[in-house]
1. In nm, to one decimal, how far is the T55 label point from the R152 one, both placed 7 Å along Cα→Cβ?
2. Quick one: pull the percent of accessible area on the chain belonging to carbon and sulfur, 1.4 Å probe, ligands and nucleic acids left out.
3. Counting other Cβ atoms within 10 Å, keep those with at most 14, restrict to DSSP loop, and tell me which GluC sites (Glu not before Pro) in the range 55-129 are left.
4. With a 1.4 Å probe and all protein chains left in place, how much accessible area per residue does the chain have, in Å²?
5. Once you mark the trypsin sites (Lys or Arg not before Pro) that are in a DSSP loop and have at most 11 other Cβ atoms within 10 Å, what is the longest gap between them in the chain?
Amino acid sequence: MLADAPRLQKFVGRRPELDAVTRDVPGPRTFVVRGVAGIGKSSFAAKACEVFRGTRNLFWHRVRPWDTRHSLLASLGDFLSAVGRPGLRSLLAHGEEGPLDTLFREDLNGTRSFLVFDDAHEATPEVVSFLRFLKDTVAEAADVRMLVLTRRALPFYDRRDVTIRGLVREIDLGGLDAEDIARLARL
């Protein structure tokens with residue numbers, strides 16, 4: 001589900017950051033990429049999806065100010081249904097609210113998924129709270145990774161999640177170096 005993802009035509013640099021997100025090694029599986037508008041956060045995530053294409057199930061959601069916890073669950077339910085796990089979607093279709101969190105955790109586990117949330121700085125407090133739930137769910141789910149793109153820090157995790165528990169890795173995107181700029185100009 002990559003309808004909102006940008007189509008890459010050019011991509012240079014950012015190899016250490018890309019390796020950190022796409023390399024299959026133990027460690028954090030939630031990544032927060034921060035940077036100013038236009039620095040290349042969405043292109044970075046699109047490149048990560050390109051690397052994962054064919055090996056992981058890919059989900060991309062552009063966060064909007066009108067998103068709610070329910071709308072994100074519905075979108076994730078559609079995604080999980082497409083990968084053969086229709087439980088959450090079915091429960092939502094019948095208007096049942098009870099065990100949504102439990103069912104979502106069960107359905108997500110083992111899906112080899114890569115979840116991208118672009119423009120997360122647009123999130124309401126309700127959606128930030130949902131991102132906190134997702135961070136904890138991804139930590140427990142086998143073979144699932146999450147990438148959150150934002151212009152500023154978001155309170156869905158704290159320093160303990162980064163330094164002590166090792167659940168989150170922060171990546172601050174800055175400008176390209178001179179060599180990468182020259183390479184981009186040649187493309």
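1. 3.6 nm
2. In the chain, the share of accessible area belonging to carbon and sulfur is 50 percent.
3. In loop regions of the range 55-129 (DSSP not H, G, I, E or B), the sparsely surrounded GluC sites (Glu not before Pro) are E96, E97.
4. On a per-residue basis, the chain sits at 49 Å².
5. 24-151
The values are calculated or read from the model by the stated rules, or taken from the named source; none is laboratory data. Every value quoted in this text rests on a predicted model; they were computed, and no experiment measured them. Here the Cβ is made from the backbone with ideal geometry for all residues, glycine too, and neighbour counts use every protein chain on show. The protein model used for the area step is the full one, side chains on, heavy atoms only, and it has no ligands, DNA or RNA in it. Shrake-Rupley method; radii C 1.70, N 1.55, O 1.52, S 1.80 Å.
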